[in-house]
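*Asks:* Starting off with a structure, shown below.
The values are calculated or read from the model by the stated rules, or taken from the named source; none is laboratory data. As the structure is a prediction and not an experimental result, all values here were calculated from the model. Here the Cβ positions follow ideal geometry from the backbone for every residue, glycine too, while neighbour counts run over all protein chains shown. The protein model used for the area step is the full one, side chains on, heavy atoms only, and it has no ligands, DNA or RNA in it. Shrake-Rupley method; radii C 1.70, N 1.55, O 1.52, S 1.80 Å.
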Amino acid sequence: MTPRRVVVVGGGIIGLTVGWRLAAAGAEVTVCDPAPGRGSSWAAAGMLAPIGEASAAEAPLTRLGLESVRRWPTFADELSADADCTPDDLGFRREGTLQVAFDDDDRRALDELAAVHRLLGLESEVCSARRCRQIEPLLAPSIRGGLLVVGDWQVDPRRVVGALVRALSRRGGRLVTSAVRRLRTTGEPGAHSVEGIELEDGTELEAATVVLASGARAALLDGLPKEAVPPIRPVKGEILRLAAAPFGLRPSLTVRASVRGQFVYVVPRADGEVVVGATMQEAGFDTGVRAGAVLDLLRAAIDLLPALSELSVAECLAASRPGTPDNAPVLGPTPVDGLLLATGHHRNGVLLAPVTGDALVGALFGSGLPREAASFTLGRFT
Ligand SMILES: Cc1cc2nc3c(=O)[nH]c(=O)nc-3n(C[C@H](O)[C@H](O)[C@H](O)COP(=O)(O)OP(=O)(O)OC[C@H]3O[C@@H](n4cnc5c(N)ncnc54)[C@H](O)[C@@H]3O)c2cc1C
């Protein structure tokens, strides 16, 4: 049987995951991206944190995140096998996450989060200030307590993206380093079918299926029939990287906090790098890093973990998250025959990569989107 020909538009963590999974399932896959892995995925901290970010108001998204984090260990095993590395090489770490409060308001917010955890049957441990400092001795003495979430983990998205490129190739997939200029379709308005895509240099690629995975730019592709345009907008995020910390200055697990109203997280990598993030701003496609954002993030991080003041700033970066009206991804079929969506992952694209890859395999090779992904189609907006 001739393998199904698939073009994936966008090679961030989502497009590469989908490309790799579809290639492994037997499709003939081409992923197109002028700068693979250099979008939002390059900026991401890599927290896999559905519990710390659980919300009763966004219960379906929380459930999708929990399902995806459950799949991460197998995903990391399979990816590292195809990419000739180990899960450790992906920066996959399971030390858990400590959420810390600085004042009574922060403390109340954590108590509310703990109540959501109880409501949803999720595991977390309310900790005294003393217990927090036993877990992470670098914490400032002034903290007021916290919540330990052992089920929130991390990976290094840059390493994951590198591994996905190797794994895609191992499974026979092709990576074309060019932007897609246009989607090619045939048929009447309202009854379009995919024919393929056109690259920036005018080269046309035929495909029975096109997967739109171009992150924050997914709504902007020329030729996209209006009934298939996903409601995606860019949500700017600024983030910092501090150069590898010597052992005594290195937090042992991810610490998140609201420091007098400023949200901050500190994610220590196994190699000593420390990631400090992140802002959220509606600013179009602007990716300039504001001095005030750097100041606010560093002040909050250093108030939380004073030893960080000794580290050098290695990188300040901003990127556009692919946001949607309900903060959840848009997955699977569209009214255009052969066009599938894998975008809108907003703050959770790294977390949601495993469940997204499986959903697209189900959409293409199974009997449709699997149950856990079925309520995340474009149809929910129309
Ligand atoms: C500061 C920050 C921190 C974050 N932290 C986390 C975190 O801790 N955990 C988590 O789960 N998520 C986090 N995220 C969110 C996460 O980064 C995104 O949800 C995820 O990267 C989305 O992946 P993507 O592949 O859809 O998009 P992207 O990584 O942006 O990839 C889209 C790709 O499409 C390409 N593209 C665009 N247009 C075209 C075209 N016409 N043709 C071909 N290619 C095209 C781009 O070049 C790009 O490479 C964070 C995001 C930011 C900004």
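*Asks:* Going by what's in this entry, would Thr186 be described as at negative phi, hydroxyl-bearing (Ser, Thr, Tyr) and without any contact (Cβ under 8 Å) to a residue 24 or more places away in the chain? Don't jump to the end; show me each part of the working.
*Replies:* Values: at negative phi: yes; hydroxyl-bearing (Ser, Thr, Tyr): yes; without any contact (Cβ under 8 Å) to a residue 24 or more places away in the chain: yes.
Taking the combined requirement at face value, the residue satisfies it.
*Asks:* Could you please let me know if Leu120 is under 25 Å from the mean Cα position of the chain (by Cα), at pLDDT below 95 and more than 23 Å from Gly248 (Cα to Cα)?
*Replies:* So Leu120 fits the description; yes.
*Asks:* Filter segment 1-43 down to residues that are closer than 14 Å to Gly162 by Cβ and of a type in the set (Gly, Ala, Ser), then give me how many there are.
*Replies:* Counting residues in segment 1-43 that are closer than 14 Å to Gly162 by Cβ and of a type in the set (Gly, Ala, Ser) gives 5.
*Asks:* How about segment 299-352: which of its residues are within 7 Å of the ligand (Cβ to nearest atom) and either open to solvent by 30 Å² or more (accessible area, probe 1.4 Å) or of a type outside the set (Gly, Ala, Ser) (or both)?
*Replies:* Residues satisfying the conditions are Arg321, Pro322, Thr343, His345, His346, Arg347, Asn348, Val350, Leu351, Leu352.
*Asks:* Sticking with this one: If a residue counts only when it is open to solvent by less than 30 Å² (accessible area, probe 1.4 Å), which strands (runs of 3 or more DSSP E) contained entirely in segment 197-276 have at least 3 such residues?
*Replies:* 209-212, 233-242, 254-259, 262-268
*Asks:* Something else: Of the numbered conditions (1) near the ligand (Cβ under 9 Å from one of its atoms); (2) in contact with a Lys or Arg (Cβ under 6 Å, 6 or more places away or on another chain); (3) touching a residue at least 60 places away in the same chain (Cβ under 8 Å); (4) not β-branched (Val, Ile, Thr), Ala208 satisfies every one except a single condition; which is it?
*Replies:* (1)
*Asks:* Next question, about the same structure. What do you reckon, is Ala27 modelled with pLDDT under 95 and on the phi < 0 side of the Ramachandran plot?
*Replies:* For Ala27, the condition - modelled with pLDDT under 95 and on the phi < 0 side of the Ramachandran plot - is not met.
*Asks:* Shifting gears a bit: Which residues, taken from segment 277-296, are in contact (Cβ under 8 Å) with a residue 60 or more places away in the chain, outside any strand (DSSP E or B) and surrounded by 16 or more Cβ atoms within 10 Å (Cβ to Cβ)?
*Replies:* Ala278
*Asks:* Then there's this: So for segment 4-13 (the condition being more than 18 Å from the chain's Cα centre (by Cα) and surrounded by fewer than 24 Cβ atoms within 10 Å (Cβ to Cβ)), does at least one residue qualify?
*Replies:* Looking for residues that are more than 18 Å from the chain's Cα centre (by Cα) and surrounded by fewer than 24 Cβ atoms within 10 Å (Cβ to Cβ), one finds at least one in segment 4-13, hence yes.
*Asks:* From Leu183, Leu175, which residue is among the hydrophobic types (A, V, I, L, M, F, W, C), part of a strand (DSSP E or B) and open to solvent by 20 Å² or more (accessible area, probe 1.4 Å)?
*Replies:* After applying the criteria, what remains is Leu175.
*Asks:* Turning to a different aspect of this structure: Could you please tell me which pairs satisfy a Cβ distance under 9 Å, a separation of 6+ or placement on different chains, a first residue in segment 1-24 that is touching a residue at least 40 places away in the same chain (Cβ under 8 Å) and among the polar types (S, T, N, Q), and a second residue that is assigned to a loop (DSSP other than H, G, I, E, B) and surrounded by 24 or more Cβ atoms within 10 Å (Cβ to Cβ)?
*Replies:* Hits for this filter: Thr17/Ala213.
*Asks:* Okay, moving on. Can you pull out the strands (runs of 3 or more DSSP E) entirely within segment 297-382 that have at least 2 residues that are over 25 Å from Val266 (Cβ atoms)?
*Replies:* Filter on segment 297-382 gives 330-333, 339-343.
Quick grid of which residues meet (1) of a type outside the set (Phe, Trp, Tyr); (2) in contact with a strand residue (DSSP E or B) (Cβ under 6 Å, 6 or more places away or on another chain):
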site: Arg63; (1), (2): yes, no
site: Ser68; (1), (2): yes, no
site: Phe75; (1), (2): no, no
site: Cys85; (1), (2): yes, no
site: Asp88; (1), (2): yes, no
site: Arg107; (1), (2): yes, yes
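*Asks:* Where residues in segment 353-382 are more than 14 Å from the ligand (Cβ to nearest atom), without any contact (Cβ under 8 Å) to a residue 60 or more places away in the chain and within 13 Å of Val18 (Cα to Cα), which of them is surrounded by the most Cβ atoms within 10 Å (Cβ to Cβ)?
*Replies:* Ala363
Let's see how each residue does on (1) near the ligand (Cβ under 9 Å from one of its atoms); (2) in the same structural domain as Glu125 (by TED's automatic domain parsing); (3) under 24 Å from Val289 (Cα atoms):
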site	(1), (2), (3)
Gly12	yes, no, yes
Leu16	yes, no, no
Ala23	no, no, no
Gly26	no, no, no
Arg38	yes, no, yes
Ala43	yes, no, yes
Ala54	no, no, no
Arg63	no, no, no
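*Asks:* Across segment 84-126, what is the total count of residues that are free of Cβ contacts under 8 Å to residues at least 40 places away in the same chain and under 27 Å from Pro73 (Cβ atoms)?
*Replies:* Matching residues across segment 84-126 total 7.
*Asks:* Further, regarding this structure: For Val18, only one of the following conditions fails: (1) open to solvent by 10 Å² or more (accessible area, probe 1.4 Å); (2) in contact with a Ser or Thr (Cβ under 8 Å, 6 or more places away or on another chain). What is its number?
*Replies:* Of the numbered conditions (1) open to solvent by 10 Å² or more (accessible area, probe 1.4 Å); (2) in contact with a Ser or Thr (Cβ under 8 Å, 6 or more places away or on another chain), the odd one out for Val18 is (1).
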